[in-house]
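The values are calculated or read from the model by the stated rules, or taken from the named source; none is laboratory data. As the structure is a computational prediction, the values presented were derived from the model and not from experiment. Cβ sites come from the backbone with ideal geometry, for glycine too, and all protein chains shown count toward neighbours.
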Amino acid sequence: MSYLNPTRRVPRKRLNPKRTLSPEEISQWYAEISAFRQRCQPIFDRLKPKLIKTHYNWYMAVEPDSGKHFIEKDSLAAGKMYRQKHPNAIPQVFRINETGVCGAI
């Protein structure tokens, strides 16, 4: 007769239980992300008709304050180019297609 080796499974816990976000902080974070995307969206919409013909399904990282954009085949490469010019900023990356997003929801 064979016996199963009982292995005790340790429950997973938070990495830093002292740092939890309140619902107000979470909603503020989502509002900031949404506002940043809304600042970047007009730049993407302005450039999309020209770029969709030549760079279909490529990626574009947009900087909303200066209006600069970086185009690459890979989303990570576009983000890397963005971070080289703007090291303290988070990029907004769009996919150059009809919707501007990757995949379907």
Checklist entry - Hey, any hits in the range 14-30 for a residue that's at pLDDT 70 or above, out of contact with any Asp or Glu (no Cβ under 8 Å at 6 or more places or on another chain) and among the small types (Gly, Ala, Ser)? => result yes
Next on the checklist: Within the range 71-80, does at least one residue satisfy the condition of being exposed (fewer than 13 other Cβ atoms within 10 Å of the Cβ), more than 15 Å from the chain's Cα centre (by Cα) and modelled with pLDDT under 90?
Outcome noted: no
